[in-house]
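Beneath this line is the structure, given in structure tokens, with notes to follow.
The values are calculated or read from the model by the stated rules, or taken from the named source; none is laboratory data. Just so it is clear, the structure is predicted and the values come from calculations on it, not from any experiment. When we count neighbours, we look across all protein chains shown, and the Cβ atoms used for this are built from the backbone with ideal geometry, even at glycine.
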Amino acid sequence: MLPFKLVYSDDYYLPIGSHVFPAEKYQRIHERLLESGVADAKDFVSPQPASDEDILLVHTPQYVHKLKTGTLSAREELEMEIPYSPELVRAFWLAAGGSILAADYALNDRVAFNIGGGFHHAFPDHGEGFCMIHDVAVAIRRMQRDEKIRTAMTVDCDVHQGNGTAVIFAGVRVPSDPLPSVGGARIPVSHGARIRNTHAGDVFTISLHQENNYPAFKPPSSIDVDLPDEIGDDDYLAWLDNALSSGLRQFEPELLCYIAGADPYREDQLGGLSLTIEGLKKRDELVFRVARARDIPVMVTFAGGYAHKVDDTVTIHCNTVVAAKEVFAGKTAEKK
């Protein structure tokens, strides 16, 4: 058995028809993990849909009403880039419930996965980029509301910037802390800014993404790493290491939410970076090693992945589970 839980449901399937987003990937990840022996049936737990009250911790009543009643405008549906249906709404509510459950498990077991989620382009009042509901934000706000955590950090390694995340958690900015240049990328830093504390707790946001890619406008995260086209494994890992070090020098999260996108892969249809499958696994290992060293619980979601071969996307996502198993298995053994 794994030393952590995998939250999964067959109902994670998004009913979006023929689409660049491989809606079948969740089921294929589940099957691969079982068939390969990485996980067994007892490692999986089933989520319940998030409640409307949970969703309203992040999203506006007007937007939630439109989703529940099917009254999005044509423009709003077009901006979401997936076809609206009541079944799709249920799938996104379930994904949000999965991230809530994974966050809860992570606080107890030090790491947990939602085999789904990571819908980081959703805004409080609208959806974008295949994302209807921001499940990670919902999970964080639910943990804060229940007083299980005060602070959280998002580490977004999708190839696309987490614009919804940045807007939802706006207010926390990294002070001036320039990092060395690696591979031509840059980290915009707000001079004279401060870390703002609120009664509900704060969230520090880190996003590593391809600069010349969606979204066109990138609202500021606490740390944004704008990567040049075709950056490879070594430079990417150096930037990730720098961003984590910089963020954790200035902020102490009680939960780390890792958005482990598969789309920095060099064969991805919607990406323009050049990471290998092996490099992506090293990326995962780095995040998990840092979290383990600092004893920060990690909740993982999978976000995007659009490889020409869906099997490659499935492999990348499964490798994230393998990386966590390798890093955290020893931790569990030490505690016994």
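Pairs, please: C-beta under 6 Å, at least 6 apart or cross-chain, first residue in contact (Cβ under 8 Å) with a residue 60 or more places away in the chain and within 13 Å of Ile55 (Cβ to Cβ) and in the stretch 120-141, second surrounded by fewer than 24 Cβ atoms within 10 Å (Cβ to Cβ) and of a type in the set (D, E, K, R)?
Between residues of the stretch 120-141 that are in contact (Cβ under 8 Å) with a residue 60 or more places away in the chain and within 13 Å of Ile55 (Cβ to Cβ) and residues that are surrounded by fewer than 24 Cβ atoms within 10 Å (Cβ to Cβ) and of a type in the set (D, E, K, R), the close pairs are Val138/Asp54.
In the stretch 24-42, is there at least one residue being on the phi > 0 side of the Ramachandran plot and either in contact (Cβ under 8 Å) with a residue 24 or more places away in the chain or acidic (Asp, Glu) (or both)?
For the stretch 24-42, residues on the phi > 0 side of the Ramachandran plot and either in contact (Cβ under 8 Å) with a residue 24 or more places away in the chain or acidic (Asp, Glu) (or both): absent.
Report, by residue number, each residue of the stretch 202-260 that is closer than 20 Å to Lys281 by Cβ, in contact with a His (Cβ under 9 Å, 6 or more places away or on another chain) and part of a loop (DSSP other than H, G, I, E, B).
Ala260
For Ile55, state whether it is under 20 Å from the mean Cα position of the chain (by Cα) and among the hydrophobic types (A, V, I, L, M, F, W, C).
Answer is yes for this residue.
Out of all the residues in the stretch 106-121, which are more than 12 Å from the chain's Cα centre (by Cα) and surrounded by 21 or more Cβ atoms within 10 Å (Cβ to Cβ)?
The answer is Ala106, Arg110, Val111, Ala112.
Quick check on this structure: which one of Asp177, Asp125 is surrounded by fewer than 15 Cβ atoms within 10 Å (Cβ to Cβ), modelled with pLDDT of 95 or more and in a loop (DSSP other than H, G, I, E, B)?
Asp125
Out of the residues in the stretch 1-49 that are farther than 14 Å from Ile115 by Cα and of a type in the set (Ser, Thr, Tyr), which is surrounded by the fewest Cβ atoms within 10 Å (Cβ to Cβ)?
Ser18
For residues that are more than 21 Å from Asp54 (Cβ to Cβ) and either among the charged types (D, E, K, R) or part of a helix (DSSP H, G or I) (or both), tally how many sit in the stretch 69-109.
Count: 8.
For a quick check of your reading of the model, give me the residue pairs whose first member lies in the stretch 50-72 and is in contact (Cβ under 8 Å) with a residue 60 or more places away in the chain and closer than 18 Å to Phe119 by Cβ, whose second is β-branched (Val, Ile, Thr) and assigned to a loop (DSSP other than H, G, I, E, B), with beta-carbon atoms closer than 7 Å and at least 6 apart or on different chains.
Once the first residue is in contact (Cβ under 8 Å) with a residue 60 or more places away in the chain and closer than 18 Å to Phe119 by Cβ and sits in the stretch 50-72, its partners that are β-branched (Val, Ile, Thr) and assigned to a loop (DSSP other than H, G, I, E, B) give Ile55/Ile133; His59/Ile133.
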